[in-house]
Amino acid sequence: MNHMQPPPLSITIPTRNRPGLLERALRSVVHAVAPVAEHIEVAVSDGSDDDATGDAVERVLTGWPSEYRYVRNRPPLSMVENLNRAVEISSGEWVMQLDDDDYLLPGVGAAMLDAIRRAAPAESVLLFGVHIVDIDGVRRREQTFRRERYLEPREALRRLLRNSSFVKQPTAVVRRAAMEREGLFDPTVGGAADTDMWERLFSRYGVRCLPQATCAYTIHEAAATTGMWNPGTIRANGEIFDRAVARGIVPEHIIRRWQADWYHQFILAGAYRRLRLGRRAEAREVLRLFDLPEVRDRGVSPKWLPVRAAFTAATAGARPNAR
């Protein structure tokens with residue numbers, strides 16, 4: 001490969017203080033892209049407190065046939081800034097962002113490169129399927145598309161803004177030129193930065209959905225007491241919907257209906273995770289997000305109302321700190 005030219009694809013990995021998980025992710029990349037590795041670059045942006053992560057990168061990627069890039073950020077960057085730094089140090093024409101606790105599935109490198117080669121000049125976002133796994137790699141379910149299909153911007157936005165789980169970040173492969181044009185992840189929206197990114201990209205370029213699953217997305221069920229189900233996340237995602245309204249691609253009243261669906265699915269997903277673990281009181285606390293004015297103002301979601309009623313009944317009478 002001529003290293004004077006950028007590779008077709010960069011796999012970028014932000015990480016901090018999780019060398020074991022990062023090593024798993026890196027080894028999955030090595031196995032997933034082995035036949036086409038000379039066409040794929042790996043870039044790791046690290047905010048760790050010690051040398052263990054850098055050692056893992058060197059251990060796994062020494063001898064990588066293309067390029068690999070590694071930077072240790074001192075002081076460490078915020079989560080969103082680390083996402084951006086991983087992209088900034090890479091050079092591929094297309095970018096896949098792989099979180100350090102996720103991993104690629106065997107043999108998918110060739111499929112990603114084939115989709116990149118077939119992408120029309122006006123297309124800039126490819127979305128693959130995903131396996132949802134627990135921390136031990138046990139598959140819980142799949143989220144895949146029945147067939148390959150290009151979604152125009154309006155339909156892409158409908159899928160994104162009605163379905164809080166439509167995009168799992170490592171399933172997206174994005175043309176670098178489009179990311180640079182639209183801007184990288186926005187630190188001002190915190191944990192909603194990925195949704196904000198997809199909203200901007202889908203609004204302009206639409207999305208091509210491909211049926212093959214390329215990665216495993218890890219759900220940390222044991223950490224259900226922490227995470228994103230809080231008023232701050234609701235407010236941040238409200239800002240995403242306001243930005244979508246301002247774009248004018250879809251009438252506001254339609255977007256607000258989508259917003260009600262999104263809020264319901266998101267909140268109920270958080271409650272479901274806790275109910276699976278028998279944490280009824282914690283599930284009830286998550287359901288209290290429905291009482292936030294910004295959620296109440298969007299109204300009910302007929303699609304999700306039966307589930308909401310069932311979860312409300314399941315958590316009735318649960319007391320704080322109950323198990």
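Output the residues belonging to the range 1-16 that are open to solvent by 60 Å² or more (accessible area, probe 1.4 Å) and under 20 Å from the mean Cα position of the chain (by Cα). Selection gives 16 alone. Any residue at all in the range 292-302 that's in contact (Cβ under 8 Å) with a residue 40 or more places away in the chain, within 26 Å of the chain's Cα centre (by Cα) and in a helix (DSSP H, G or I)? Checking the range 292-302: at least one residue is in contact (Cβ under 8 Å) with a residue 40 or more places away in the chain, within 26 Å of the chain's Cα centre (by Cα) and in a helix (DSSP H, G or I). Filtering the range 180-207 to residues that are touching a Ser or Thr at 6+ places or on another chain (Cβ under 7 Å), open to solvent by less than 30 Å² (accessible area, probe 1.4 Å) and at pLDDT below 95 leaves only 192. The set of residues from the range 91-108 being open to solvent by less than 10 Å² (accessible area, probe 1.4 Å) and either touching an Asp or Glu at 6+ places or on another chain (Cβ under 6 Å) or of a type in the set (Asp, Glu) (or both) comprises 92, 100, 102.
For the structure I just gave you, tell me whether residue 229 is open to solvent by 10 Å² or more (accessible area, probe 1.4 Å) and under 19 Å from the mean Cα position of the chain (by Cα).
For residue 229, the condition - open to solvent by 10 Å² or more (accessible area, probe 1.4 Å) and under 19 Å from the mean Cα position of the chain (by Cα) - is met.
In the range 180-208, the residues that are without any contact (Cβ under 8 Å) to a residue 24 or more places away in the chain reach residues that are outside any helix (DSSP H, G or I) with C-beta atoms within less than 6 angstrom, at least six apart or across chains, in these pairs: 197/185.
Exactly one residue among 269, 246, 314 is among the aliphatic types (A, V, I, L, M), without any contact (Cβ under 8 Å) to a residue 12 or more places away in the chain and open to solvent by 30 Å² or more (accessible area, probe 1.4 Å), and that residue is 246. Within the span defined as the range 66-79, every residue fails to be open to solvent by less than 10 Å² (accessible area, probe 1.4 Å) and either more than 19 Å from the chain's Cα centre (by Cα) or not aliphatic (A, V, I, L, M) (or both). Of all residues in the range 17-36, exactly one satisfies the criterion of being assigned to a helix (DSSP H, G or I), among the β-branched types (Val, Ile, Thr) and open to solvent by less than 20 Å² (accessible area, probe 1.4 Å), namely 29. For the structure I just gave you, tell me whether residue 111 is at pLDDT 95 or above, farther than 19 Å from residue 203 by Cβ and surrounded by fewer than 21 Cβ atoms within 10 Å (Cβ to Cβ). Spelling it out, residue 111 is indeed at pLDDT 95 or above, farther than 19 Å from residue 203 by Cβ and surrounded by fewer than 21 Cβ atoms within 10 Å (Cβ to Cβ). The set of residues from the range 120-179 being small (Gly, Ala, Ser), at pLDDT below 95 and under 14 Å from the mean Cα position of the chain (by Cα) comprises 164, 165.
The values are calculated or read from the model by the stated rules, or taken from the named source; none is laboratory data. Everything quoted here is computed from the prediction, not taken from an experiment. Backbone-built Cβ (ideal geometry, glycine too); neighbour counts: all protein chains shown. Please note that ligands, DNA and RNA were not included when accessible areas were found on the heavy atoms of the full protein model with its side chains. Shrake-Rupley method; radii C 1.70, N 1.55, O 1.52, S 1.80 Å.
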